[in-house]
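The structure under discussion appears below in the form of structure tokens.
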Amino acid sequence: MSTVSLPTFGRGGIHPDPHKQATSGKPIESLPPPHEVWLPLHQHLGEPATPIVKKGDLVARGQKLADGGPTGVPLHATISGKVKPIDKRPHPTDVLAPAIVIARAADAPPELEFPEDPAWLELSRDEMIARVREAGIVGLGGAAFPTWRKLMLPPQVKVDTLIVNGAECEPYLTADFRTMIAHPREIVDGALLMARIVGAERVVIGIEADKLEAKWWLDQAIGTAAIGGIPIGVQPVQVRYPQGAERQLVHALTGRILPARGLPTAVGVLVQNVATAMAVSDAVRFRRPLLDRVMTVTGPGVAEPRNVRVPLGTPLGEVVAFCGGASPEVTRIIAGGPMMGRALPRLDLPVIKGMNGLVLLTGRGPLEDGYGACIHCGRCIEACPLGLEPDQVSVHVEAGRTLDTEPYGSLDCFECGSCSYVCPAGRPLVQFMQVAKSALRRQAALRSAS
Amino acid sequence: MSAGPQELVLTPGPHLHAEVSTARIMWTVNAALAPAALWGAWVFGANALAVILGAVAGAAAAEWLAARWMGRPQTLRDGSAVCTGLLLAMTLPPLVPWWSAALGSVFAILVVKALFGGLGYNLFNPALAGRAFMMATFPLAMSTGWATPRAGFAAALDGLTTPTPLAVLKEQGLEAAFRTLTAPGSPWASLALGFRPGSIGEVSVVLLALGAAVLVARGIIRLTIPLAVLAGTVLSTAFTGAPLLHLLSGGLWLGAFFMATDYVTAPTTRNGQLVFGLVIGLLTGMIRVFGGYPEGICYAILIANTLTPALNLWFRPKRLALVGTPS
């Protein structure tokens, strides 16, 4: 089927091999409860959570372990067991960070039950936000920004459209796709609840055109949705990276263009990931906290690629073992998708809230053989979805003129990696952008301080 | 689980890369040039082949030595120096001494490329700058070293040379120019197929177009610059009554598709490329008609190269975000 006539974003973008066939046909499987979970206090944007349990406490799955404070989110026990000493543990992004460790214990209480609240459809806006907050929900598309903060719009901000992001444009990942097939009802409910919270007049679920099976399931759920009065529909968009980035999805679905470095709310749109919508439904309807997440474990380096529902805090080694183990040829382990994800140094790291995939790659990758000089071919300019000039930024940084890069867009880059992907010289263009961005920000901070 | 910490690679993302590299691009260009170059060797004889080999060897040697002397990583394998040598040879008359071609290549690589910083930093197209250097240093060979197509080895030894159609056009007019087209049948077929006096690699428009088609299909060049060059040439020669002769002769196709499209010395955005190509085409026609040389593409491209930094500043990509207050 030709997808060229479908909506998409305005310029640039790339078409990497999707590599999704290994897991796109596989339903979500649940990982058996691990022996131990490591729950970092800081796995979201905002301040770290503050523990309210201590060493030796017996806790039940679902029980709150740490308070979120004014800007963060609380943390919950994802298995029943005994609290071990709260200490620094390896963290997927920090080197070491404080974490609550729970070890399975025979005398631990059973999992808490979360019965449906019969009044869930009559809750006020503030009550719903409080439940989302108490459930520890953060953006599950990878950004891990506390969802309750995103839903608490400042009074001057008006949102007319809620976009649910099911684009999943990162190669290899199918967790959102399988979540849409397995839990369309929850996603639709959660989306409509969030639309109520922010006062949106319509909801659009955006999916890339290679996920039409998900559209069928979502359409069924929309037909029987418990919440009426808000139009909601599924809109396929072109398969084109980075279609799932907020700015690009908003453009495709509404035609609106965000201001440079602006948020979607600047054009009256709020974007939430499909897994986040599902978690919101669970939180509002059942007061169920965020305990598990669905992630795709895939890549040429894993024996049995799968979509797995994993208790947060599970050591990645156990997740990989559940998927048949890693092959000896593995050279890179990526948390998230291979375009914007992060290479991990090891597998004794916990699953955190924002981790939507684990991609085990083999063979040599970009940058391993160094990189060459810019030949000014212009491919990066063509690929940039914002119309920035990564070539100019990179040669300016190399020439020591980092602070002269702003006219070429270094501050606006959101690091999708399309430029690096197409660079024939294999130049780390995203990293040149990062260097330029941080230098410019430092300079601005020094200026405002003096 | 055998992937221990010491085995894992921790490069920053993205962790995937398109199937493209500088070396692959350069060697594809070399391959796309090869048919037209070999055609030149076939129609003009052994000296043409010696010129090609001399120029390529000179460029490769200069690239290797420059990297050694300047303490830079060896870049010979990326194919760009071979490309420069090959392109230079293809712009040369078939009867120049092979060692003069090698010298031209050494100038192109050592002075025009390496001294400006190596691959990616040169301001001028190295092959064309090498040709300009040879025009100044070997003026006689460069202006009289033309051979009759398929004249045979003996003719070349006798020094029997033939002026090019453009030279005849300049000196004696249109009808005389057509008499230089020697193949049986239509003179236009002579021009298209490459049965005419000219530089080694410029004569076969058909083979050059074939090579260019490969580059377009592979996404290595796009047609903006070449079509603008051709259009500019036709525009600036239309009043002479012979735009089609201008279009099909000289080094126009070689220059438009393989030299004006050199990434390093051409603008990066489409609008910049359009202006760049038109400037080259207009200058080519003006040099041919009003200038001191029968052919103008070489200097037209070199002059336009000086505009590239300015064109990159004037024609920026369109930003897809309103520049507003950051929130």
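In this structure, B:R316 does not satisfy being of a type in the set (K, R), crowded, with 17+ Cβ neighbours inside 10 Å and farther than 30 Å from A:R261 by Cβ. The single condition from (1) surrounded by fewer than 24 Cβ atoms within 10 Å (Cβ to Cβ); (2) within 7 Å of chain B (Cβ to nearest Cβ); (3) touching a helix residue (DSSP H, G or I) at 6+ places or on another chain (Cβ under 9 Å); (4) not hydrophobic (A, V, I, L, M, F, W, C) that A:S420 fails is (1).
State whether one or more residues within region A:292-299 are surrounded by fewer than 20 Cβ atoms within 10 Å (Cβ to Cβ) and on the phi > 0 side of the Ramachandran plot. No.
Residues that are in a loop (DSSP other than H, G, I, E, B) and either on the phi > 0 side of the Ramachandran plot or within 18 Å of the chain's Cα centre (by Cα) (or both) within region B:214-235 comprise B:G219, B:I220, B:I221, B:R222, B:L223, listed in sequence order. Of all residues in region A:228-271, those that are within 10 Å of chain B (Cβ to nearest Cβ) and under 12 Å from A:P385 (Cβ atoms) total 6.
The residue that is farthest from B:S199 (Cα to Cα), among those in region B:272-318 that are of a type in the set (A, V, I, L, M, F, W, C) and not in a helix (DSSP H, G or I), is B:F315. None of B:L128, B:L191, B:L103, B:L207 is under 19 Å from the mean Cα position of the chain (by Cα), modelled with pLDDT under 95 and in a helix (DSSP H, G or I) except B:L191. Of the candidates B:A50, B:A37, B:A46, B:A60, the single residue that is free of Cβ contacts under 8 Å to residues at least 60 places away in the same chain, farther than 13 Å from B:A108 by Cβ and small (G, A, S) is B:A50. Quick one: would you say A:D404 is surrounded by fewer than 24 Cβ atoms within 10 Å (Cβ to Cβ), more than 25 Å from A:Q243 (Cβ to Cβ), touching a residue at least 24 places away in the same chain (Cβ under 8 Å) and more than 8 Å from chain B (Cβ to nearest Cβ)? It is false that A:D404 is surrounded by fewer than 24 Cβ atoms within 10 Å (Cβ to Cβ), more than 25 Å from A:Q243 (Cβ to Cβ), touching a residue at least 24 places away in the same chain (Cβ under 8 Å) and more than 8 Å from chain B (Cβ to nearest Cβ). Of all residues in region B:254-288, those being in contact (Cβ under 8 Å) with a residue 60 or more places away in the chain and charged (D, E, K, R) number 2. Only a single item in (1) part of a helix (DSSP H, G or I); (2) surrounded by fewer than 20 Cβ atoms within 10 Å (Cβ to Cβ) is not met by A:E113, and it is number (1). Can you say whether B:T91 is more than 24 Å from B:A256 (Cα to Cα) and not hydrophobic (A, V, I, L, M, F, W, C), as far as the supplied structure shows? No. No other residue among A:D67, A:D87 is surrounded by fewer than 18 Cβ atoms within 10 Å (Cβ to Cβ), closer than 21 Å to A:A144 by Cα, away from chain B (no Cβ under 14 Å) and acidic (D, E) apart from A:D67. Look at (1) part of a strand (DSSP E or B); (2) at pLDDT below 95 and you find that A:V294 fails only one, number (2).
Annotation for region A:299-316: at least one member residue is in contact (Cβ under 8 Å) with a residue 40 or more places away in the chain, farther than 24 Å from A:L151 by Cβ and among the polar types (S, T, N, Q). A single entry from A:R346, A:R332 fulfils the requirement of being part of a loop (DSSP other than H, G, I, E, B) and either more than 7 Å from every other protein chain (Cβ to nearest Cβ) or touching a residue at least 12 places away in the same chain (Cβ under 8 Å) (or both): A:R346. Within region B:131-178, can you find the residues that are at pLDDT below 80 and either on the phi > 0 side of the Ramachandran plot or within 19 Å of the chain's Cα centre (by Cα) (or both)? Those that are at pLDDT below 80 and either on the phi > 0 side of the Ramachandran plot or within 19 Å of the chain's Cα centre (by Cα) (or both): B:R150, B:G152, B:G159.
Looking across A:P300, A:P338, A:P289, one residue alone is in a loop (DSSP other than H, G, I, E, B), touching a His at 6+ places or on another chain (Cβ under 8 Å) and more than 7 Å from every other protein chain (Cβ to nearest Cβ). It is A:P289.
For (1) buried (at least 24 other Cβ atoms within 10 Å of the Cβ); (2) closer than 23 Å to B:G194 by Cβ; (3) more than 17 Å from the chain's Cα centre (by Cα), each residue gets a yes or a no:
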{"residue": "B:A31", "(1), (2), (3)": "no, yes, no"}
{"residue": "B:G45", "(1), (2), (3)": "no, yes, yes"}
{"residue": "B:A55", "(1), (2), (3)": "yes, yes, no"}
{"residue": "B:Q74", "(1), (2), (3)": "no, no, yes"}
{"residue": "B:L87", "(1), (2), (3)": "yes, yes, no"}
{"residue": "B:V96", "(1), (2), (3)": "yes, yes, yes"}
{"residue": "B:A108", "(1), (2), (3)": "yes, no, no"}
{"residue": "B:G118", "(1), (2), (3)": "no, no, yes"}
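Regarding A:M355, is this residue under 26 Å from A:G10 (Cα atoms) and part of a loop (DSSP other than H, G, I, E, B)? No, not satisfied. Listed by first and then second residue, the pairs linking a residue in region A:117-132 that is under 13 Å from A:L192 (Cα atoms) to a residue that is surrounded by 13 or more Cβ atoms within 10 Å (Cβ to Cβ) and small (G, A, S), with Cβ atoms under 7 Å apart and 6 or more places separating them unless they lie on different chains, are A:L121/A:A226.
Assess whether B:F257 counts as being under 24 Å from B:L87 (Cβ atoms), of a type outside the set (V, I, T) and not in a loop (DSSP other than H, G, I, E, B). Taking the combined requirement at face value, the residue satisfies it. Here region A:375-399 is the region considered, the condition is being at the interface with chain B (Cβ under 8 Å from one of its Cβ atoms) and either in contact with a strand residue (DSSP E or B) (Cβ under 9 Å, 6 or more places away or on another chain) or in contact (Cβ under 8 Å) with a residue 60 or more places away in the chain (or both), and the residue that is farthest from A:P259 (Cα to Cα) is A:C384.
The values are calculated or read from the model by the stated rules, or taken from the named source; none is laboratory data. Note that the coordinates shown come from a computational prediction; the quantities given were computed from them, not determined experimentally. Virtual Cβ from ideal backbone geometry, glycine too; neighbours counted across all protein chains shown.
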